[in-house]
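The next block holds one structure in the form of structure tokens; read it before the comments.
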Amino acid sequence: MRHASAVKRANNGTGHAPRPDIQGLRALAVGLVVIYHLRPEALAGGFIGVDVFFVVSGFLIIGSLAREAARNSSISVPAFYARRIRRLFPASAAVLVAVLLGTVLLLPQSRWQGISADVLFSLLQVQNWHQALSAVSYAGATGEVSPLQHFWSLAVEEQFYLVIPFFFLGLVLAARRMNRASDRFIVPALSAVALVSFAYSIHLSNHEHTLAYFVTGTRVWELAVGGLAARVPAVGFLTGRRAALASWAGVAAVVIPVFFLTTEMPFPGSIAAIPVLGTALLLRSGSAAAAVPWSASRVLSLRPLTFIGDVSYSLYLWHWPVIVFAVALLGRAPRIREAILLGALSLALAAASYYWVEQRFRHPSSRNTGWGGHRKVYVLAMCSAVLVTVAAWAPWQVVEVKRAQLSTALSDRDYPGARAWSERPAAVPAGMPVRPDPSVAMQDVPATSAGACGVYDPASVPDTDCWFGSQDLEAPVVVVVGDSHAGQFVDPLVAVSQKIPLRIHAMVRNGCPFALTPPRSADTVYANCSAQNAVTAEKIIGQKPDLVLVAGMREDGYRKALGWHWAPESTLADGYVESLSRLRGAGLRVAVIADPPYPGGNPVECLQKHGRQDQCATAAAEALAGTDTLVNAAGSVPGVETIDLSRHFCRDGVCPVVIGNVLVYRDNHMTNTFAKSLAPDLAVALRLG
């Protein structure tokens, strides 16, 4: 997203002229984004403010480079990058440091490594690719979203800036060889780039719209359209009242879509053309429309709006961390009054950043404008980047020391875990620190989390992969099948295999219950899940294992965690009955494990925040609410065994987060340490050995 660039003059097609309306347009864009982030339900399409900034950036940067190319028949790449560094880096570096400080002071240690990594992604200007590859939806803040997620749009522009001066150098070189003016090549070349990028944006948005939202290639056309708005010759009829009407049409094309666009739509595909072309129309008509008192350009030139436009870059940088930290502290989304206060705080920080950081570094003295001055800018930027990196490394390393504890075997005597609540309970020593440490609990994961064994696809994972436990080929075989909640029981079985030889084959697919009916979200049916389960069932039957262990998250859990449901005519229960019946029909021994209690809230962050275990417990009635559809389905299929381990999680109507000095949960999953402590009782329940 962009900023209040220092440039307050833009090419209007005929020359230079003051364009305060561009600052007002920035104010409109950043206002849409801030309101959307504070109250997404009030302005569902406010994210298109980012698209407005892309167009404005293209208009100014491409216009500036085009004028330089025409004037000098060349582009000074060092000067271009020095200007960009002075303009953008100081304010962003200040925010990165502030976020690190806020993280250490306000957020639990479990968040430190993730945010430290985000600092580096942001510093290297690749945050958009990090977001794209982690498939993070661009929606309102939650207590766990990164306070630097918004740097994705800055990364898109910085990647564009890496290329655009060389693009112009290429045009200048081509013009020289053909003995023509470079201006004649700019519009055709930009048009070609815009069309290719636009076609790619439509394609990817229709197939992977979360990925399409963040990647650079789907956004280049928006910047190119801005450049075309700066370079296409002025249209004769865009004068006076016609220009004023065109300016209002441009505003309408930006404002109206915010009330019906959502992040669930294929954006930025073809529908993004509405605000993008509206912005281009407003930029193109702005100079002529400024002469008409009632034009949008005159309204956007009002001082309150131009002030917000001036600070818009800093406002964009600061508002998102302010919201994320506030949500983390409040434990909920801000209410209206709180949202207003957060908006005011963001504006105050933006103003301070603008006057004390942006303006201070933005304008070089006359003696710092040559190559020596540019070199000084590069050196200072590199030194600052190193300091930010070191600052990010410190909290990372604090947690890394604790993460090393995960590879250290715990004493059964000091950390009995689930054995503390066995039929013959183990003693629980007092005064022992909780293990795993809550700051690294999210990394205490089962063996199936590595490689493809947690996203098992029968069509691509070889039959020789995802085997655990004994190496004895004559040992009994246990197949574990289901979703990530089933994967939790692989390591306990591996622990059992150390005393009773077992070969464990994990056929676990995260987010895919072992049913032959597909889950669905608001707009998607995940038919590949049920289709793969059908193939997996045939593979299991072909293996003829000694035991098939099936587990899965409760249906209510899928609603809470993923927003999934099943159609009335194709229920989850029906799908479970069909898959279990196939296995039993082949004569296999099948056992179903009831899903462990579902904790309320985030038990890890609660424990770090409050320190007291009793404040983070969940009432058993809440943790076990809803029907365990898999268990019910098992009761409908003759011969299927059912194992219920809930007594190891809840007692006296309460499900604590720490049992036997071991942290029970990392989120809605067990920590692997606690899961392994279930091994003795699991072996008894399954009659192994």
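Dipole check for the range 457-579: with +1 at the C-beta of Lys and Arg, -1 at the C-beta of Asp and Glu, and the Cα centre as origin, the magnitude is about 240 Debye.
Shown for the chain: the carbon plus sulfur share of the solvent-accessible area, taken with all protein chains present and a 1.4 angstrom probe, equals 62%.
With contacts taken as Cα pairs under 8 Å and at least 6 residues apart, the range 189-310 reaches a relative contact order of 30 percent. Distance distribution P(r), the range 18-170, all Cα-Cα pairs, bin width 5 angstrom from 0: 2, 8, 15, 17, 19, 16, 11, 6, 4, 1, 0, 0 percent. Among the chymotrypsin sites (Phe, Trp or Tyr not before Pro) found in the range 219-293, those both in a DSSP coil and sparsely packed, with 12 or fewer other Cβ atoms within 10 Å of their Cβ, are Phe237, Phe260.
Computed over every Cα-Cα pair of the range 462-540 and binned at 10 Å starting from 0, the pair-distance distribution P(r) comes out as 19, 43, 26, 10, 2 percent. Positive-end ranking of Asn206, Pro458, Ala679 along the dipole of the chain, with charges on Cβ about the Cα centre, is headed by Asn206. The lysines within cross-link reach of Lys499, meaning a Cα-to-Cα straight distance under 29 Å and a gap of 8 or more places when in the same chain, are Lys539, Lys544, Lys676. Computed from label points 7 Å out along Cα-Cβ, the spacing between Asp556 and Thr464 is 4.6 nm. Note on the chain: antiparallel DSSP beta bridges, both residues inside, total approximately 45 percent of the bridges counted. Taking θ as phi - 60° and the Karplus parameters 6.51, -1.76 and 1.60, the scalar couplings of the range 340-345 work out to 5, 5, 5, x, 5, 4 Hz in sequence order, x denoting glycine and proline. Within the straight-line cut-off of under 24 Å between alpha carbons, the lysines reachable from Lys609 are Lys402, Lys560, sequence neighbours fewer than 8 places apart in one chain being disregarded.
Packing here is the average count of other Cβ atoms within 10 Å per residue, and on that basis the peptides 201-208, 263-270, highest first, run 263-270, 201-208.
Dipole of the chain computed with +1 at Lys/Arg Cβ and -1 at Asp/Glu Cβ about the Cα centre; of Gly278, Val163, Gln23, farthest Cα towards the positive end is Gln23.
Annotation: per residue accessible area for the chain equals 42 Å², rounded to a whole number [probe 1.4 Å, protein chains only]. Across the chain, Cα pairs under 8 Å and at least six residues apart give a relative contact order of 15 percent. How are the C-alpha pair distances of the range 567-633 spread across 10 Å bins, as whole percents from the shortest bin up? The distribution over the range 567-633 is 18, 31, 24, 19, 8, 0, given as percents. Panel note: the C-alpha atoms of the range 346-503, placed on their principal axes, show extents of 81, 49, 29 Å (largest first). For the chain, the longest principal axis of the Cα atoms and the long axis of helix 183-207 meet at an angle of about 20 degrees. Using alpha carbons only, the radius of gyration of the range 256-334 set against its Kirkwood radius gives Rg/Rh = 1.09. Applying both filters, DSSP loop and at most 11 other Cβ atoms within 10 Å, to the GluC sites (Glu not before Pro) of the range 398-481 gives Glu423, Glu474. Charges were assigned to the Cβ only: +1 to each Lys and Arg, -1 to each Asp and Glu. The resulting dipole of the chain about its Cα centre is roughly 3600 debye. Shown here: the range 169-208, whose C-alpha atoms stretch 44, 13, 11 Å along the first, second and third principal axes, sorted largest to smallest. P(r) tail for the chain: Cα pairs beyond 46 Å make up 32% of the total. The packing ranking of peptides 386-393, 613-620, highest mean first, is 613-620, 386-393, where packing means the average number of other beta carbon atoms within 10 angstrom of each residue. In loop segments of the range 100-201 as defined by DSSP, the trypsin sites (Lys or Arg not before Pro) with at most 12 further C-beta atoms inside 10 Å of their C-beta are Arg180. With the gyration tensor restricted to C-alpha atoms of the range 284-436, the semi-axes of the equivalent ellipsoid amount to 54, 28, 11 Å, longest first.
To the nearest 10 degrees, how steeply does helix 527-543 sit against the main Cα axis of the chain, on a 0 to 90 scale? So the helix axis and the longest Cα principal axis differ by about 30 degrees.
Estimated from helical segments only, the mean residue ellipticity of the chain at 222 nm is -17000 deg cm²/dmol, where each DSSP H run of four or more residues counts as -39500 (n - 2.57).
At a Cβ-Cβ separation cutoff of 4.7 angstrom, cysteine residues of the chain with no neighbouring cysteine are Cys383. Computing Rg and the Kirkwood Rh from the Cα coordinates of the range 424-506 gives a ratio, Rg/Rh, of 1.06.
Based on every Cα atom in the range 216-313, Rg and the maximum pairwise Cα distance Dmax equal 14.4, 41 Å.
With respect to the chain, whose longest principal axis is taken over its alpha-carbon atoms, helix 572-585 is tilted by about 50°.
The values are calculated or read from the model by the stated rules, or taken from the named source; none is laboratory data. The shown structure was predicted, so the numbers you read here are calculated from the model rather than taken from an experiment. Note that we place each Cβ from the backbone using ideal geometry, even for glycine, and neighbour counts take in every protein chain shown. All accessible areas refer to the heavy atoms of the entire protein, side chains included, with ligands and DNA or RNA removed. Shrake-Rupley method; radii C 1.70, N 1.55, O 1.52, S 1.80 Å.
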